[in-house]
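The values are calculated or read from the model by the stated rules, or taken from the named source; none is laboratory data. Note that the structure is predicted; figures quoted are calculated from it, not measured. Virtual Cβ from ideal backbone geometry, glycine too; neighbours counted across all protein chains shown.
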Amino acid sequence: MLQLSTGWAQTVGKREYQQDAVSKMVWPSGFALALLSDGMGGAVHGEVASQEILRGFSEAFCTSEEQDMHVRLHDSLLQANQHLADYIAHYPQCQGMGGTLIASAFTGEHLHWLSVGDSPLWLIRDAQLTRINQDHSKKAEMLQLVAAGMMTASDIAVHPQRNQLTSAVMGVPVELVDINAIELASGDIIVMASDGVESVPEQELAALCHRLQHADLQLLAEHIIGYVDSLQKPYQDNATVMVLKLTQTVQDE
């Protein structure tokens, strides 16, 4: 069977507060749930929103008896969203807060995920890095226009709405939800991140993960965040990464 190992790290970047939140739960059976939320920058209490989104989701997921994993993930999102709505109703000063969400459930041979927002979920297999979840942002929509020849990459770089989300968890109906699954193989590396990690070009991120593929995953996560910090970008956002790797266990005869 496949065994999961993990590591995570984060940096506040050039922000005043850390608005990213991350958590991981592992069951005795080997089943695991990894969560990441990026509190919306520019919104009030983003650091509270990300924590409350994860709290609401994990409580709903852990108490659910639903056997269909996609239904369980979606139901947990609905309850997390309601939890956030109730929190905002109790603390009106938090009106307008919200965040992204990635929920990754590992069932042994498969990865099931739910994502809302622009936080990337990457698969690294055979030294190739592929984003496997949807990007719910204006930038993603604009890239489609670039592919259609209706816009240029230079236009995106200066567009005032390029970082605007098209879906987020805010205690109101969630516009877009990505739920999917893939079969995993030994040696696969899964990278969950907030968009601050995207300061590192995907090609360089893939190269770094390939170079350290046999290293301790905590070391790999710290190297990724160290790379983000080393770029010294003047407006660097919070950056958080959780790295998960699947390896084949040797069964006793």
Review point. Considering only the stretch 123-160, how many residues are surrounded by 12 or more Cβ atoms within 10 Å (Cβ to Cβ) and more than 24 Å from His110 (Cα to Cα)?
Key: 13
Exercise for review: Please work out if Ala207 is touching a Ser or Thr at 6+ places or on another chain (Cβ under 9 Å), farther than 30 Å from Cys94 by Cα and part of a helix (DSSP H, G or I).
Suggested key: no
Check your understanding: Is it the case that the stretch 232-242 has a residue that's within 29 Å of Gly56 (Cα to Cα), hydroxyl-bearing (Ser, Thr, Tyr), touching a residue at least 12 places away in the same chain (Cβ under 8 Å) and touching a Leu at 6+ places or on another chain (Cβ under 6 Å)?
Key -> no
Study note, to complete from the structure: Taking the stretch 175-197 and the residues there that are at pLDDT 95 or above and surrounded by fewer than 20 Cβ atoms within 10 Å (Cβ to Cβ), the one that is nearest to Thr130 (Cα to Cα) would be Ile182
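Any idea which residue in the stretch 206-236 is nearest to Ser186 (Cα to Cα), counting only those that are touching a helix residue (DSSP H, G or I) at 6+ places or on another chain (Cβ under 7 Å), surrounded by 21 or more Cβ atoms within 10 Å (Cβ to Cβ) and modelled with pLDDT of 95 or more?
Per the stated criteria, the residue is Leu220.
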Check your understanding: Among the residues of the stretch 170-194, which ones are touching a residue at least 60 places away in the same chain (Cβ under 8 Å) and either acidic (Asp, Glu) or part of a strand (DSSP E or B) (or both)?
Key -> Asp178, Ile179, Asn180, Ala181, Ile182, Glu183, Asp188, Ile189, Ile190, Val191, Met192, Ala193
**Study point:** Test: residue in the stretch 141-151 that is over 16 Å from the mean Cα position of the chain (by Cα) and in contact (Cβ under 8 Å) with a residue 24 or more places away in the chain
**Key:** yes
Review point. Which residues, counting only those in the stretch 91-130, are of a type in the set (Phe, Trp, Tyr), touching a helix residue (DSSP H, G or I) at 6+ places or on another chain (Cβ under 9 Å) and either assigned to a strand (DSSP E or B) or under 19 Å from Asp188 (Cβ atoms) (or both)?
Key: Trp113, Trp122
Point to revise | Residue list for the stretch 20-67, filter: buried (at least 16 other Cβ atoms within 10 Å of the Cβ) and at positive phi | key: His45
Revision key, fill the gap. Exactly one of His90, His112, His70 is over 19 Å from Ala168 (Cα atoms), surrounded by fewer than 17 Cβ atoms within 10 Å (Cβ to Cβ) and at pLDDT 95 or above, and that residue is His90
Point to revise | Subset tally (residues that are out of contact with any Lys or Arg (no Cβ under 8 Å at 6 or more places or on another chain), of a type in the set (Asp, Glu) and over 12 Å from Val169 (Cα atoms)) for the stretch 39-67 | key: 3
Point to revise | Residue identified as polar (S, T, N, Q), touching a residue at least 24 places away in the same chain (Cβ under 8 Å), more than 21 Å from His136 (Cβ to Cβ) and assigned to a helix (DSSP H, G or I) among Ser50, Ser58, Ser76 | key: Ser58
Exercise for review: Looking only at the stretch 94-104, decide whether some residue is surrounded by fewer than 23 Cβ atoms within 10 Å (Cβ to Cβ) and over 21 Å from Asp38 (Cβ atoms).
Suggested key: no
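Among what's in the stretch 73-85 and is under 17 Å from the mean Cα position of the chain (by Cα) and either over 17 Å from Ala181 (Cα atoms) or charged (D, E, K, R) (or both), pick the residue that is surrounded by the fewest Cβ atoms within 10 Å (Cβ to Cβ).
This residue is Asn81.
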